[in-house]
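Notes follow the structure.
The values are calculated or read from the model by the stated rules, or taken from the named source; none is laboratory data. Bear in mind that the values here come from a model prediction, so they are computed numbers and not experimental data. Reconstructed Cβ throughout: ideal geometry from the backbone, glycine too, with neighbour counts over all protein chains shown. Side chains are part of the model used for accessible areas, which takes the heavy atoms of the whole protein and leaves out ligands, DNA and RNA. Shrake-Rupley method; radii C 1.70, N 1.55, O 1.52, S 1.80 Å.
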Amino acid sequence: MANHMNAAKHRASGKSVLGGAMIIAGTTVGAGMFSLPVVSAGMWFGYSLAMLLGVWFCMLMSGLLLLEANLHFEPGDSFDTLTRVTLGQFWRVINGVSIAFVLYILTYAYISGGGSIVNHSLSALGVSLPQSVAGLVFAIVLALVVFISTKAVDRITTIMLGGMMITFFLAIGNLLIDIDTVKLASPDGESRYLPYLLAAIPFGLASFGYHGNVPSLVKYYGKDANTIVKAIVTGTSIALVIYVCWLVATMGNIQRSQFADIIAQGGNIGVLVAALSGVIASQWLDNMLTLFANLAVASSFLGVTLGLFDYLADLFNFDDSRTGRIKTAAVTFIPPTILGLLFPNGFILAIGFAALAATIWAVIVPALLAYKVRQQYPNADGFKVPGGTPLIVLVVLFGMITATCHLLAMADILPVFKQS
């Protein structure tokens, strides 16, 4: 009963599960999704589905393990405090470097992807900007939203996700109606599929990254475990459903051999959208798909930079005053924006590197945190992820396998689908 009273006391008024679920889904569903059909082309639909389900489960569990550890701390304490107190200085440094790397490289990736899709949209109106300038405009507008407050990100991400849902299902709905089940069931080209699975796993992991927002949700809702768990489960499940529909729509309309051409052109968002535009009959639906791509990159950018903003505020002890927020915003946005101006086309490469570093802080560290917290508070009666130590071992193994796969793929040891 005391626990329920506590939960009620910590529960902030007027903050629904939906808001939190939208922050999670908005962060999860984004530019990473555009890499999925491209990196899954080799193994095709059946194996892609199995891979997505497995990755979704492991990433959901690692997020809940992180939440379990986070609830033993005060709302507002982020990764830096959690690792320092629980795992010590070594893991604090390793974790800090990997978080900063992932969040910064994703922010850069989204500025690059944002510039690319903003340009793609403007070119339809006959306006042409240098890609780096388009990326700069994209970054400045969205940085202001994060600067204002978490609530602003919640509201705008909810609106964007609503817009994404509508544009996605209008554009994709049409593609889903027209899918060719023969393409899904028996793709053309060579008949090897399974070997390509391993190189795709890191991109699956990158497509379910929302862990930077778990401390933000604890800060937002207080220690209301029940609501946060529902938000995480709902948000990641929305992402899973969207990804499955996306794979059905792309693989049911584009031949497997055509993906070789998309990959040869760099596999960027614009190339994939252009290939789908070739299949979509009407200009209006093509516009819906382009609008969806814009919203997907923007909502991802907001979710990722909110996590980075809160992490850096915790790391540097910047307070929540206007001056404190200006300092945090400067440290959050200036470095990746400069990178975006210097290297406007690093999107796919950046997503791959983000996955590699994310295996540390989004998978392995949350499992270790939960393990240590259970040893430190063996009789705690708060939220606990079911599955005991075997689940923790499974999550750590998943992280190690994913990192290994990425390194092997980079070294050209794993087969990667390139030609038909």
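Quick look at the numbers
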item: Rg and Dmax of segment 166-230, Cα atoms only, in Å; result: 19.4, 53
item: Residue-averaged 222 nm ellipticity for the chain, from DSSP H runs of 4+ at -39500 (n - 2.57), nearest 500; result: -25500 deg cm²/dmol
item: Farthest positive-ward along segment 262-406 dipole, Cα basis, beta-carbon charges - from 369, 328, 349; result: 369
item: Net +/- balance of residues flanking residue 146 in space, Cβ distance below 12 Å, scoring K and R +1, D and E -1; result: 0
item: Between helix 17-28 and the chain: long-axis angle, C-alpha atoms, 0 to 90°, nearest 10; result: 50
item: Globularity ratio of the chain, using Cα Rg and 2.2 N^0.38 Å; result: 0.95
item: Expected-Rg normalisation [2.2 N^0.38 Å, Cα atoms] applied to segment 315-420; result: 1.52
item: Accessible surface of the chain [probe 1.4 Å, protein heavy atoms]: carbon and sulfur percent; result: 68
item: Separation in nanometres of the label points that stand 7 Å from Cα toward Cβ, at residue 261 and residue 401; result: 3.6
item: Those aspartates and glutamates that a straight Cα-Cα span of less than 15 Å connects to residue 223, excepting residues fewer than 8 apart in one chain; result: 68, 74, 77, 381
item: Estimated translational D of segment 260-371 in µm²/s (Stokes, Kirkwood radius over Cα pairs; 25 °C; 0.890 mPa s); result: 143
item: Members of 230/372; 15/384; 327/372; 230/327 lying beyond 31 Å, as alpha-carbon distances in this model show; result: 327/372; 230/327
item: Volume of the Cα convex hull of segment 296-354, divided per residue and given in Å³; result: 97
item: For segment 258-355, size of Cβ-based charge dipole, Lys and Arg +1, Asp and Glu -1, in debye; result: 180
item: Net charge of neighbours whose Cβ lies under 10 Å from the Cβ of residue 280, counting Lys and Arg as +1 and Asp and Glu as -1; result: -2
item: Size of charge dipole - the chain - debye, nearest 20, with Cβ of Lys, Arg +1 and Asp, Glu -1, no other charges; result: 740
item: Prolate/oblate/rounded label for segment 47-200 (Cα gyration tensor, a/c 1.5); result: oblate
item: Tensor-based shape of segment 137-197 (alpha-carbon gyration tensor, a/c under 1.5 rounded, otherwise prolate or oblate); result: prolate
item: Within straight-line cross-link reach of residue 418, lysines at Cα separation under 27 Å, skipping those fewer than 8 residues along the same chain; result: 183
item: Ellipsoid equivalent to segment 163-312 - semi-axes via the Cα gyration tensor, in Å; result: 32, 19, 15
item: Gyration tensor (alpha-carbon) shape descriptor, segment 363-408, a/c threshold 1.5; result: prolate
item: Helix 322-342 axis, angle to the chain major axis (alpha carbon atoms, nearest 10°); result: 30
item: Cα centroid separation, segment 61-122 to segment 381-413 (Å); result: 17
